[in-house]
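I have placed the structure first, in the form of structure tokens, so that the comments after it can refer back to it.
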Amino acid sequence: MKTINRYLIAGAMMIGLSSPAMSQEMDYKQMLAPITSAIKANPSGVDVAKDLVKNYTKVFKKNPEALVALGNTYLSAKQYQKAKECADLALKKSPNYGNAFILKGDVEALQDDGGAAANWYDRAITADPQNAEGYLRYANVFRKVNPQEAERVLNDLRRIKPDFPVEAELGHSNYLTKNYDKALEFFQKAKPQSIDEEKFVEYVFSANILGDKKKSLDIAKQGVQIHPQSLSLTRLAVINALDLAEHADALRYAKMVFADDGKKNATDYINYGRALNGNEQYDEAIKQFEIALKEDAEKVEAYRYMSDSYKGKDDMTRSLDLMQKYLNLNHEAKPSDYRSLAAIYMEMAKDGVDKDVNFQKAMTVYDDVAKKYPTLAAWVCFEKGNNAYAVENDDVALENYKKLIELLENKADRDDSETAYLKRAYKMTGYIYWAGRDDFETAKPYLNKLYELDPNDAVAKQAYEAQQEAAGNTATE
């Protein structure tokens, strides 16, 4: 049971949540704060804040909650012996204080002794059966090695505390230990009304981290319904909607963010502007981006999105200026950002504005990307070929599609996206020769290879059938 207990590392952080309130609660928290700060600043120092600790334990020697809280401070600094001493002091005062047993179990869990941890959690259940944390910790130890035992103890908790949100708490503990698939599983099993605001945020993030953005958006929407005053959940609904290009939802939730009395930050204004862009409200979007930059001049991504606004307004000159400014200021620009710059040049070329010049500038952008990111050579050829074809520059299109084929045709570890690039290159090369240059013989090898990769492709099927028909006619003759 050694390694499984890393799932419990963050569990020690939750002890205070389950402890009963006591008359000196505020006093002990105030006195504990400087001790916590000192230990955090020097976690390996054995006698850190010695006088403060001595005074604290003297004042709160009869308060087991305060003693366990001190123990948790030591636990977070991996000063395990001192954490155990605090637990022992708490048990000396209150022999059935469950959180003290839980602290001792957490000490063992953090040292990878699952058996010893489980024993202490079991004693917590026996001594303090109304304390849900003991059951949850015990179940988490056995969740992988003995799921039946974990289920048994959770069923015990359900019998003793029928209204306790077991699944929500298990979702929370698994989220804290970065076990996101199990966190999502438990949150989905929980009654939505039993999931508090903080845990709903974790629920949203769990789905998002696992790559299911649609589910993440749906969870955020549900969270906003249950916790309508939650600015955090509303912000997450905006972000997820933007990621999915759900423009109407993004704008609806962005407006809810700004209807809230809470303080807004530059990111809020940027996301509001992005939502407005998606709904083609470009002038209002520009205002939001300008406010964002006033709030925080370091949020240079506002220039990138403002460029989109002006592009939507068909002001390509201003759009280009802003995109270039963004790239000049952002030293961590992504390839997709350069693609956006190239797209502006291409729009100008398509509109007949210095067509050849702007087309060549777009190609140069992609060439620069290839130099900066050599591993993206296939993607660069794909983009250059597509853009050249869009402005009827078949020579440049063919040049890049053929180079793409050379890069990927015999690549052993070709991934799905690269296979999609290759199919596009076969298709467009064959199509340009066949339909554009009336040269079916040159087109055939490319379209036949496309047919091998994708026999359902319409162009490949048409070429294949034409060859079959020609073969049949030859045989008849």
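Identify the single condition in (1) open to solvent by 10 Å² or more (accessible area, probe 1.4 Å); (2) in contact (Cβ under 8 Å) with a residue 40 or more places away in the chain that residue 123 does not satisfy, given that it satisfies every other one.
Just one mismatch for residue 123, condition (2).
For the condition open to solvent by 20 Å² or more (accessible area, probe 1.4 Å) and of a type in the set (Phe, Trp, Tyr), what is the one hit in 338, 326, 366? Step through it out loud before you land on a result.
Values: 326 fails: open to solvent by 20 Å² or more (accessible area, probe 1.4 Å); 366 fails: open to solvent by 20 Å² or more (accessible area, probe 1.4 Å).
Result: 338 is the single residue among 338, 326, 366 that is open to solvent by 20 Å² or more (accessible area, probe 1.4 Å) and of a type in the set (Phe, Trp, Tyr).
In the range 159-200, what count of residues is obtained for those that are under 22 Å from the mean Cα position of the chain (by Cα) and either open to solvent by 40 Å² or more (accessible area, probe 1.4 Å) or not aliphatic (A, V, I, L, M) (or both)?
The qualifying residues number 24.
Being touching a Pro at 6+ places or on another chain (Cβ under 9 Å) and either surrounded by fewer than 17 Cβ atoms within 10 Å (Cβ to Cβ) or modelled with pLDDT of 95 or more (or both) narrows it down to one of 373, 431, so name that one. Can you show your working first?
Working: 431 fails: touching a Pro at 6+ places or on another chain (Cβ under 9 Å).
None of the others qualify; the one that does is 373.
Restricting the search to the range 311-323, which residues are more than 15 Å from residue 282 (Cα to Cα) and surrounded by 15 or more Cβ atoms within 10 Å (Cβ to Cβ)?
The answer is 320, 321, 323.
Among the candidates 254, 241, 245, single out the residue that is free of Cβ contacts under 8 Å to residues at least 60 places away in the same chain, in a loop (DSSP other than H, G, I, E, B) and within 23 Å of residue 219 (Cα to Cα).
Numbers: 254 fails: in a loop (DSSP other than H, G, I, E, B); 241 fails: in a loop (DSSP other than H, G, I, E, B).
Of 254, 241, 245, the one residue that is free of Cβ contacts under 8 Å to residues at least 60 places away in the same chain, in a loop (DSSP other than H, G, I, E, B) and within 23 Å of residue 219 (Cα to Cα) is 245.
Would you mind stating whether residue 26 is open to solvent by 40 Å² or more (accessible area, probe 1.4 Å) and either at pLDDT 90 or above or over 17 Å from residue 107 (Cα atoms) (or both)?
Yes, satisfied.
Does residue 205 satisfy being open to solvent by 60 Å² or more (accessible area, probe 1.4 Å), of a type in the set (Phe, Trp, Tyr) and in contact (Cβ under 8 Å) with a residue 12 or more places away in the chain?
yes
Can you pull out the helices (runs of 4 or more DSSP H) entirely within the range 127-189 that have at least 1 residues that are over 22 Å from residue 113 (Cα atoms)?
Here the list reads 147-160, 166-176, 180-189.
Taking interchain pairs and intrachain pairs at least six residues apart, which have beta carbon atoms under 6 angstrom, with the first residue in the range 106-119 and within 15 Å of residue 71 (Cα to Cα) and the second among the aromatic types (Phe, Trp, Tyr) and open to solvent by 10 Å² or more (accessible area, probe 1.4 Å)?
107/80
Over 30 Å from residue 353 (Cβ atoms), open to solvent by less than 60 Å² (accessible area, probe 1.4 Å) and part of a loop (DSSP other than H, G, I, E, B): which single residue out of 221, 264 fits that description? Spell out how you get there, then give the answer.
Values: 221 fails: part of a loop (DSSP other than H, G, I, E, B).
Of the residues listed, the single one that is over 30 Å from residue 353 (Cβ atoms), open to solvent by less than 60 Å² (accessible area, probe 1.4 Å) and part of a loop (DSSP other than H, G, I, E, B) is 264.
Only one of 109, 87 is over 22 Å from residue 41 (Cβ atoms) and modelled with pLDDT of 95 or more. Can you tell me which?
87
Which one is surrounded by the most Cβ atoms within 10 Å (Cβ to Cβ), of the residues in the range 126-158 that are polar (S, T, N, Q) and within 19 Å of residue 99 (Cα to Cα)?
By that ranking, first place goes to 140.
What number of residues within the range 330-343 are of a type in the set (A, V, I, L, M, F, W, C), closer than 21 Å to residue 299 by Cβ and in a helix (DSSP H, G or I)? Explain how you work it out, then say what you get.
The first filter runs over the range 330-343 and keeps only residues of a type in the set (A, V, I, L, M, F, W, C), leaving 333, 341-343.
After this cut, where a residue has to be closer than 21 Å to residue 299 by Cβ as well, the list is 333, 341.
From the residues that got through so far, the ones that are in a helix (DSSP H, G or I) too are 341.
Within the range 330-343, residues that are of a type in the set (A, V, I, L, M, F, W, C), closer than 21 Å to residue 299 by Cβ and in a helix (DSSP H, G or I) number 1.
Out of 285, 297, report the one residue that is open to solvent by 40 Å² or more (accessible area, probe 1.4 Å) and of a type in the set (A, V, I, L, M).
Just a single option satisfies the conditions, and that option is 297.
The values are calculated or read from the model by the stated rules, or taken from the named source; none is laboratory data. Bear in mind the structure is a predicted one, so any value in this text is a computation, not a measurement. Note that each Cβ is placed from the backbone with ideal geometry, even for glycine, and that neighbours are counted across all protein chains shown. Surface accessibility is based on the protein's heavy atoms, side chains included, excluding ligands, DNA and RNA. Shrake-Rupley method; radii C 1.70, N 1.55, O 1.52, S 1.80 Å.
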